[in-house]
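These notes concern the structure reproduced below.
The values are calculated or read from the model by the stated rules, or taken from the named source; none is laboratory data. What you see is a predicted model; the values in this text were computed from it and never measured. As a convention, Cβ positions derive from the backbone with ideal geometry for all residues, glycine included, and neighbour counts pool all protein chains shown. When the accessible area is computed, the model is the full protein with side chains, heavy atoms only, and any ligands, DNA or RNA have been set aside. Shrake-Rupley method; radii C 1.70, N 1.55, O 1.52, S 1.80 Å.
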Amino acid sequence: MRTDAADVEQLATAPAFQSIGFGRKFKNNLATVLFAAAFVVAVIPLLWVLWTLIERGLKPILSADWWSHSFNGLLPTDEGGGVYHALVGTIFEGLVCLVFAVPLGVMVAVYLVEYGQSSKLAKAATFMVDILSGLPSIVAGLFIYALWITTFGMTRSGFAVALALLLLMLPVVVRVTETMLLIVPNELREAAYALGLPKWKTIVRIVLPTALSGIVTGVMLGLARVLGETAPLLILVGYSSSINFDLFKGEMASLPLTIFMERSTGTTAGDYRMWGAALTLVIVIMLINLVATGLSKIFAIKTK
């Protein structure tokens, strides 16, 4: 088949990019509008909640006594007081949960990725982690109540709450650590083995430090999640308006429990303290997220 000179010239001078048709432009613009509308619909409730918290909870937290006093001695109708007692309980319970959840979760994840792989024990551990991932918080509280208090005869305390929070945080730590270990290239392990390092030393000195940034971030985010749980607190510890530093004895307040108890008073002063405690809890969780971001940058692998 012959091609004359005009056809050759037309093919040679044809534009590299053809104009986009009306149908494609319409579909693209429609998708952009729909995604933007979905974003606005999702953001509006979040901004509304945040604005309500700031509007109603800012005045209490700006008080000089809010961070250094408790509600001890205050009647439901009395103004004033602070959430120092609830901050102490929240921090203590979170730290105990963190101390137990991090080593257990990291060791389980290391076994699943580095040792267990397709073994029966690894499959059973994975199955249990999947179950714990979807465990309602009230079920975790009831389990600890049946085991720790009913079976072992222990009293309701802040430590029992920390054990319930441990059940909720443990699957988060396992999943995050497992994911980060899987991201570490196998070439690093093989290079360490070629240099004569045993497997446990390779894991401790090569694999875990490489994945440490993501592990720390996941752990902190998991902690922020469990600190807002209320159901285990209602079952495992009583509310106290005074400060209690003993995790194993006596009633202990926390920020979620304080919000619930102050709301149940049905008074103006109770609502005032409730919104202040709610904003305080949001600030605590925000600080934990900021710490997680900072630690992630600190432990991240430095590259040129």
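Of note:
- Extreme residue, modelled with the highest pLDDT, among residues of region 108-122 that are exposed (fewer than 13 other Cβ atoms within 10 Å of the Cβ) and under 27 Å from T210 (Cα atoms): L121
- Scanning region 183-211 for residues that are in contact with a Phe, Trp or Tyr (Cβ under 7 Å, 6 or more places away or on another chain) and either under 30 Å from A278 (Cβ atoms) or modelled with pLDDT under 90 (or both) turns up nothing.
- Tabulated pairs, region 269-298, first among the hydroxyl-bearing types (S, T, Y), second in a helix (DSSP H, G or I) and open to solvent by less than 60 Å² (accessible area, probe 1.4 Å), C-beta under 7 angstrom, 6+ apart or interchain: Y272/P60; T280/I61; T280/L255; S296/S213; S296/V216; S296/T217
- Considered as a group, the residues in region 158-205 that are free of Cβ contacts under 8 Å to residues at least 12 places away in the same chain and among the aromatic types (F, W, Y) include one that is farthest from F245 (Cα to Cα), and that residue is Y193.
- Qualifying residue in region 123-137 (condition: assigned to a helix (DSSP H, G or I), open to solvent by less than 60 Å² (accessible area, probe 1.4 Å) and over 26 Å from R189 (Cβ atoms)): yes
- If you go through region 185-204 and keep only what is surrounded by fewer than 17 Cβ atoms within 10 Å (Cβ to Cβ) and either β-branched (V, I, T) or under 27 Å from the mean Cα position of the chain (by Cα) (or both), you end up with P185, V204.
- Considering (1) in contact with a helix residue (DSSP H, G or I) (Cβ under 7 Å, 6 or more places away or on another chain); (2) at pLDDT below 90; (3) open to solvent by less than 100 Å² (accessible area, probe 1.4 Å), the lone condition that L53 does not fulfil carries the number (2).
- Take the conditions (1) modelled with pLDDT of 90 or more; (2) open to solvent by 60 Å² or more (accessible area, probe 1.4 Å); G141 misses just one of them, which is (2).
- Set L290, L279: member being open to solvent by 70 Å² or more (accessible area, probe 1.4 Å), of a type in the set (A, V, I, L, M) and either in a helix (DSSP H, G or I) or over 20 Å from S68 (Cβ atoms) (or both): L290
- Residues satisfying the criterion are present in region 231-251 (criterion: in a loop (DSSP other than H, G, I, E, B), aromatic (F, W, Y) and buried (at least 20 other Cβ atoms within 10 Å of the Cβ)).
- Number of the condition not met by L87 [criteria: (1) in contact (Cβ under 8 Å) with a residue 24 or more places away in the chain; (2) in a helix (DSSP H, G or I); (3) more than 20 Å from the chain's Cα centre (by Cα)]: (3)
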